[in-house]
Amino acid sequence: MWAYAAALSARPGVSRKLATGLLLSHHADEAWERAGGLRDDEVAEMHDRCLGGGIDVLSVADHDFPAPLRSSVRIPVLFVRGSTSVLRQRRVGVIGTRTPTPSGVYTAREYGHDLAASNVCVVSGLAKGIDGAVHDGMRAFYETSPDDSLCAGRPIAVVGSGLDVVYPKVNASLWNWVGEHGLLISEYAPGAQAEAHHFPQRNRIIALLSEIIVVVESRETGGSMLTVREAERRGIDVYAVPGSPRVASAGGTNLLIQQGCGTVTHARDILAALSLDHRRADLQRVEDREDPDVHDMLILDACSNGPVTLDQLMISTGRALASIALSLGRLQAQGWVMEERGWWEALLLGRGRHAGNCIS
């Protein structure tokens, strides 16, 4: 029966509204016939593509179809890879720009790692940038804490193409990892290419599957803000990570905070927003960067309280420009600092304005 439902959802000329209504009122094979589906070869082809790709099909009429989607939007069928049981866990949507700063990537990876450690699922769109980084942080937890991974939070990704069409290609290994350890979701049939209009539609599913939304970095316009609007329309709380006013990719998050949304500066803030007890949670990061040497620590400390220029570093440290430049080069190569339009800032969520446990 599921192959009839899947073929109906992909049939040209059949709207989501019509397909949803038919599947809620009739058995899938009867719904297929009522929609004018007379070619059984289309059903057979859909059956083979789903089985060949390890893809399961959930009809809107199935008991395990996600309840938030059944009651809020017209989606006749979901194509999934992985276990739908993860939808019974606590869930946070973490989203952001496709072109983040190094600081944004670092923040998203840390949140993914710590949320996985706290048994919280993370929902994203598996796009380049923040979406991929947060799930990469979850993967890092699984790899560094294999004994704890059985009770860890799971990754959930909602994509804008068929589940056999990896997009973007750069996230292919992460795509497969999510399917193995969590859940991949699409409303598009196997073979469907990623189209521009698919992503706004995908964003509403991300919002609906999330208990809260956290925006790590976003410009004032773009896909992340569309997801925010979808969440706000449905009464889903939105939180944002503050960023430097000098960084364009933080313009959207800073605007959201100005407009009154909650602020997140640590994974503990996310757990608190979910009303989870984080007081005994061990959210220490697994640090995979090389320790700075003593000579460079002075420069790192000087960059840890907000963005600074080279002139400001010369004044605060008393060191020559050439010496500072060498230290910054080493720290940047090791992943400890970032540079944005002449301003330097430490990538230390545990230091300075990011508050938390200092890194020794």
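The values are calculated or read from the model by the stated rules, or taken from the named source; none is laboratory data. Quick caveat, the model's predicted, so the values are computed rather than measured. Don't worry about glycine lacking a Cβ; one is built from the backbone with ideal geometry, like all the others, and counts go over all protein chains shown.
Sort through 226, 256 and tell me the only one that's more than 17 Å from the chain's Cα centre (by Cα), of a type in the set (A, V, I, L, M) and not assigned by TED's automatic domain parsing to the domain that holds residue 69. Walk me through how you get there before you give the answer.
Values: 226 fails: more than 17 Å from the chain's Cα centre (by Cα).
Exactly one residue qualifies, and that residue is 256.
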Exercise for the section: From the list 218, 224, pick out the single residue that is more than 14 Å from residue 126 (Cα to Cα) and at pLDDT 90 or above. Expected result: 218
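Okay, residues lined up against (1) assigned by TED's automatic domain parsing to the domain that holds residue 191; (2) touching a strand residue (DSSP E or B) at 6+ places or on another chain (Cβ under 9 Å); (3) of a type in the set (A, V, I, L, M, F, W, C):
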position	(1), (2), (3)
45	no, no, no
49	no, no, no
56	no, yes, no
65	no, yes, yes
95	yes, yes, yes
103	yes, yes, no
Fill in the blank from the handout: (1) within 20 Å of residue 71 (Cα to Cα); (2) surrounded by fewer than 18 Cβ atoms within 10 Å (Cβ to Cβ); (3) in contact with a helix residue (DSSP H, G or I) (Cβ under 8 Å, 6 or more places away or on another chain) all hold for residue 54 apart from (1)
Exercise for the section: List the number of the failed condition for residue 347; all other conditions in (1) hydrophobic (A, V, I, L, M, F, W, C); (2) surrounded by 15 or more Cβ atoms within 10 Å (Cβ to Cβ); (3) modelled with pLDDT of 85 or more hold. Expected result: (3)
Completion exercise
residue 201: passes all of (1) among the polar types (S, T, N, Q); (2) at pLDDT below 95; (3) in contact with a Lys or Arg (Cβ under 9 Å, 6 or more places away or on another chain) but (3)
Handout entry: Selected residue (only one of 160, 179, 191 is farther than 14 Å from residue 116 by Cβ, part of a helix (DSSP H, G or I), assigned by TED's automatic domain parsing to the domain that holds residue 94 and in contact (Cβ under 8 Å) with a residue 40 or more places away in the chain)
Key = 179
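Scan region 202-256 for residues that are closer than 23 Å to residue 182 by Cα and surrounded by 18 or more Cβ atoms within 10 Å (Cβ to Cβ) and report the count. I'd like the intermediate steps shown before the answer.
Just the residues of region 202-256 that are closer than 23 Å to residue 182 by Cα, to begin with: 202-216, 224, 227, 231, 236.
Now narrow it down to the ones that are surrounded by 18 or more Cβ atoms within 10 Å (Cβ to Cβ): 202-210, 212-216, 224, 227, 231, 236.
Counting residues in region 202-256 that are closer than 23 Å to residue 182 by Cα and surrounded by 18 or more Cβ atoms within 10 Å (Cβ to Cβ) gives 18.
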Fill in the blank from the handout: When region 57-89 is checked residue by residue, the ones that are surrounded by fewer than 17 Cβ atoms within 10 Å (Cβ to Cβ) and acidic (Asp, Glu) are 64
Problem - Of residues in region 31-51 being small (Gly, Ala, Ser) and exposed (fewer than 13 other Cβ atoms within 10 Å of the Cβ), the one farthest from residue 81 (Cα to Cα) - result: 36
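Tally up the residues in region 163-176 that are assigned to a loop (DSSP other than H, G, I, E, B) and surrounded by fewer than 23 Cβ atoms within 10 Å (Cβ to Cβ), please.
Our first condition is that a residue be assigned to a loop (DSSP other than H, G, I, E, B); within region 163-176, this holds for 163-168.
Now narrow it down to the ones that are surrounded by fewer than 23 Cβ atoms within 10 Å (Cβ to Cβ): 164-168.
Total meeting the criteria: 5.
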